[in-house]
Amino acid sequence: MKAKELRELSDEELERKLTDTRQELFNLRFQSVTGALENPARLSLVKRDIARIITIRVERQTAPERQ
């Protein structure tokens with residue numbers, strides 16, 4: 001998911017997306033260990049999505065302090 005799309009989500013939707021994405025990462029890691037992972041590149045994409053979500057969440061938390 002792109003950062004622009006994530007910024008359009010509400011705080012609750014963003015938290016839900018973070019939870020879902022972390023669960024997906026857990027499942028992908030589990031598949032990787034068991035040898036059932038079909039697309040290894042998906043791991044890095046999911047990690048990147050998590051980082052984007054966390055970055056946007058931090059931006060929202062610190063934005064009012066700057067003004």
From the option list R7, R57, R52, R16, single residue qualifying as touching a helix residue (DSSP H, G or I) at 6+ places or on another chain (Cβ under 7 Å) and loosely packed, with under 13 Cβ neighbours inside 10 Å is R7
Across segment 16-39, the tally of residues that are in a helix (DSSP H, G or I), free of Cβ contacts under 8 Å to residues at least 12 places away in the same chain and acidic (D, E) stands at 1
Among residues of segment 30-67 being small (G, A, S) and under 24 Å from L6 (Cα atoms), the residue nearest to the chain's Cα centre (by Cα) is A51
key: Flag for R42 being of a type outside the set (A, V, I, L, M), at pLDDT 95 or above and part of a helix (DSSP H, G or I)   = yes
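Residues are listed down the side, and each one gets a yes or a no for (1) at pLDDT below 95; (2) aliphatic (A, V, I, L, M):
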residue: M1; (1), (2): yes, yes
residue: R7; (1), (2): yes, no
residue: V46; (1), (2): no, yes
residue: D49; (1), (2): no, no
residue: I53; (1), (2): no, yes
residue: P64; (1), (2): yes, no
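The values are calculated or read from the model by the stated rules, or taken from the named source; none is laboratory data. Nothing here was measured: the structure is a model prediction, and the numbers come from that model. Ideal geometry is used to build each Cβ from the backbone, glycine not excepted, and the neighbour counts take in all protein chains shown.
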